[in-house]
Amino acid sequence: MGHLLVVESWVGAMSRLLPRAIHEGGHEFTFLTRDLHHYLRSTPNGARPGSDGAPHPLLSARNIVTAETNDTAELPSLAERLHEVFGFDGVVSACDYYLPGTARIAARLGLPAPDPVAVEAACRKDLTRMRLAEAGVPGPRFALCREREQTRAAAREIGYPVVVKPVDLCAGMLVRKVHDDAEAAHAHRASVDFPVNARGQERVPVVLVEEFLTGPEVSVETVTFDGHTHVVGVTDKSLGGAPWFVETGHMFPAAVDPDLARAAADTAVRAVEALGLDHVVAHTEIKLTPDGPRVVEVNPRPAGNRITELVRHVTGVDLVAACVDVALGRRPDLAERPTGMRSAAIGLLLPNERDLPAGGEGTLVGIDGADAVRHRPDVVELTLTEPGRAVRAATSNNDYLGHVMTADTEGGAARESAEWLLSRLRPRYADPTVVSG
């Protein structure tokens, strides 16, 4: 049995999936956080704390320690003192903003971990672009810009439309497609006027201007251990919310030509190797352009939006458990097992701007159609936000109102089913000014 130090977590699915994988593996964990109430206030998918009748899985920790996890200089020393008392066998995080710090802690304690420099390069989109370009891994043309006029000039040189994005935010925050100088200036200003991230960490005041890539997008799920990268599979993705890039659904395995899937997988492996990542589960996003696969980004952690569950339902491979194993220095079990499922898909429910009250904001009153969807035989999960949440038009992956997950035993029809069921769900809103008045 191993004892893991878990340094922070997302408040969504991983805050439940990671504790589950730790316990199912026969291990235990100590949870280190700067604010435990951050998780208990913001339970997954907007549900009230304890609304499912069970305590939050993070409370199943052997120990809960509160400390300033944003103090990157002091954090390794603090972890070392905790290690002297509790004795850790591995260190892991389920939040992108703490992945580099987690790698530094593990290195300080002499525990299994990816190279902290490699993790930092993967978590910073500007460093990723430079590393991959140096290694000849295909990606979009890009420029790094600190000033607004630099952003406009770079966009003109690359050629509109372009993508403007911050280098150090997650979930698609402030990533947008822009078509002219005015939009480019607005996107630059929006990024630099957001000085700290959701965890209170100071941000890098740099924006990335990238060539807009055309073609379907997929992600490649990999596990790298002892220098070998194993491709678990390729997931496809649907996007919405233009000019934003909001993920609206995924299906595993991807419904793409097998040759394209292999090319995407090969490109992802090259990207992981170019960054120097090892002892890591990675989620690499790839655009299948007419000129071949191009890397969008490399995430040195298991996929979000419950993609790990899609993979598990189809292959029996648990990527979250693999993340626990590599953190403990153990070779993960990546053998596929018959599950009876040929494909699995998730449809992500977004607020429809047309349905919101005048002004584009509302308070969620309820979601019609849930009972009919819930009792369909192909539904694996249905999770919906409870009434009372303030809602606006979606601009990032933080704006979901829930999801429906389906599985198919015959072929690749899970996506079609998930999208149809998603269309049966109809959120209702109240005007917040009327509610408050």
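The values are calculated or read from the model by the stated rules, or taken from the named source; none is laboratory data. Since the model is a prediction, treat every value here as computed from it, not as a measurement. Cβ coordinates were reconstructed from backbone atoms using ideal geometry, including for glycine residues, and neighbour counts include every protein chain displayed. For accessibility, only protein heavy atoms count, side chains too; no ligands or nucleic acids. Shrake-Rupley method; radii C 1.70, N 1.55, O 1.52, S 1.80 Å.
Would the stretch 68-202 count as rounded, prolate or oblate if I go by the C-alpha gyration tensor, calling it rounded below 1.5 in a/c and otherwise prolate when a/b exceeds b/c, oblate otherwise?
prolate
What is the spin-label model distance, in nm, from Leu239 to Ala153 if the labels are put 7 Å beyond Cα along the C-beta direction?
The answer from the label model is 2.7 nm.
Work out from phi, with θ = phi - 60° and the Karplus expression 6.51 cos²θ - 1.76 cosθ + 1.60, the ³J(HN,Hα) of each residue of the stretch 402-408, listed in order in whole Hz, and give x for Gly and Pro.
x, 7, 10, 10, 10, 9, 10
Looking only at Val256, Val91, Val175, which one moves most when the chain is put into a Gaussian network model with springs between Cα atoms under 10 Å?
In this elastic network of the chain, the residue with the biggest mean-square fluctuation among Val256, Val91, Val175 is Val256.
Considering only Thr284, Val314, Leu334, whose Cα is most displaced toward the positive end of the charge dipole of the stretch 280-437, charges sitting on Cβ of Lys, Arg (+1) and Asp, Glu (-1)?
It is Leu334, whose Cα lies furthest towards the positive end.
Work out the FRET efficiency for Asp180 and Asp257 from their Cβ-Cβ distance, taking R0 = 45 Å, and round it to the nearest 0.05.
0.80
Counting only complete DSSP H runs, which helices of the chain cover 20 Å or more along their long axis at the Cα atoms and score a mean Kyte-Doolittle of -0.5 or above?
Span-like helices here: 258-275.
Take the alpha-carbon centre of the stretch 356-432, take the same for the stretch 101-154, and report the distance between them in whole Å.
Between the Cα centres of the stretch 356-432 and the stretch 101-154 lies a distance of 35 Å.
Rounded to the nearest 500, what is the 222 nm mean residue ellipticity of the chain from helices alone, with -39500 (n - 2.57) per DSSP H run of 4+ residues and division by all residues?
-9500 deg cm²/dmol
Checking the a/c ratio against 1.5 first, then a/b against b/c, what shape does the Cα gyration tensor give for the stretch 151-237?
oblate
Taking R0 as 45 Å, what FRET efficiency do you get between Arg81 and Glu416 from their Cβ-Cβ distance, rounded to the nearest 0.05? Please list the in-between numbers first.
Working: r = 54 Å, r/R0 = 1.20.
That pair, Arg81 with Glu416, gives E of 0.25.
Projected area of the stretch 378-437, taken from the Cα convex hull and averaged over every viewing direction, in nm²?
5.0
Ignoring ligands, DNA and RNA, please state the percent of accessible area on the chain from carbon and sulfur, probe 1.4 Å.
Exposed carbon and sulfur together represent 51 percent of the surface.
As an exercise, use a Förster radius of 22 Å and the Cβ-Cβ distance of Ala358 and Arg389 to find the FRET efficiency, rounded to the nearest 0.05.
0.70
Taking the alpha-carbon set of the stretch 277-334, what are its Rg and Dmax in Å?
Gyration radius and largest Cα-Cα distance of the stretch 277-334: 13.1, 41 Å.
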